[in-house]
Amino acid sequence: MRLATCFWLTLLAAVPFQHSSAQDASDMPCDQVHTIARMALAKSHATLAKEKHNAGRSYRAEIVYAARSFELQPSDRKTALLFLILLPQDDAQHATLMTLGDSLCDEESVAEMKSLSRLGERLARDFAKAVLRAPEMLSKYVAYASTSVQDPHSDYAVQMQAVCRAKHAEFLRSVGELPSDKRDWFVKHVLDPDGCHAVALPEAQ
């Protein structure tokens, strides 16, 4: 299992993502924005794969593809793993998730913004489902929680409760692997791992 994970991590590292952030989102070509919005609504994996060909190589395009791919194939472990590998690793990638529904170019329609916004709202739920399918990614999933809940509307901690209960021993181990300061912050501000109760609750929008 560890060898398989290392293989996919190595494969992903070889993919040259374009730098993506809330600040440079408006520089994305409109044809790519239209394509990414269509990916968010794809009804089949064949359609999704076809659209991906013209979506560019940005982190935004990759995470939308991976998220929708997992939604279409939620029982597929490989799809879950490739989705979880794309959990944000820096502030720029986190900002991309937080701004999926923002206006990305002048020609983007309201419908396109809504389709991406709705996918963004499902990400916390989808990450939780995916990590149950690929629990070897629990450490990365737990580590991202403290960043995710900085968004006052994030339900990441709420969705995490089911993961904590289903994989309690592994979950406790992943929390224990956090640096001591981050572990203390997690327990106080994100989720109580002993009882699997969310501390960070989303504000009403």
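The values are calculated or read from the model by the stated rules, or taken from the named source; none is laboratory data. Given the structure is predicted, the values throughout are model-derived calculations rather than measurements. Virtual Cβ from ideal backbone geometry, glycine too; neighbours counted across all protein chains shown. Heads up: the accessible areas ignore ligands, DNA and RNA and are worked out on the full protein's heavy atoms, side chains in. Shrake-Rupley method; radii C 1.70, N 1.55, O 1.52, S 1.80 Å.
Observations
- All told, D181 meets the bar of being farther than 20 Å from A66 by Cβ, in a helix (DSSP H, G or I), acidic (D, E) and open to solvent by 40 Å² or more (accessible area, probe 1.4 Å).
- Extreme residue, farthest from F171 (Cα to Cα), among residues of the range 111-146 that are open to solvent by 50 Å² or more (accessible area, probe 1.4 Å) and of a type in the set (A, V, I, L, M, F, W, C): A111
- Total residues in the range 147-178, condition among the aliphatic types (A, V, I, L, M), part of a helix (DSSP H, G or I), within 19 Å of H189 (Cβ to Cβ) and open to solvent by 10 Å² or more (accessible area, probe 1.4 Å): 2
- Within the range 153-182, residues that are in contact (Cβ under 8 Å) with a residue 12 or more places away in the chain and under 20 Å from R122 (Cα atoms) sit with their Cβ atoms under 6 Å from residues that are surrounded by 14 or more Cβ atoms within 10 Å (Cβ to Cβ) and of a type in the set (F, W, Y), at 6+ positions apart or across chains, in these pairs: C164/F171.
- Number of the exception - R38 against (1) modelled with pLDDT of 95 or more; (2) over 15 Å from G120 (Cα atoms); (3) open to solvent by 60 Å² or more (accessible area, probe 1.4 Å): (2)
- Residue under evaluation A157, criteria (1) modelled with pLDDT of 95 or more; (2) under 24 Å from A61 (Cβ atoms), criterion not met: (2)
- Subset of the range 67-93 (residues that are basic (K, R) and either buried (at least 20 other Cβ atoms within 10 Å of the Cβ) or more than 19 Å from A46 (Cα to Cα) (or both)): R68
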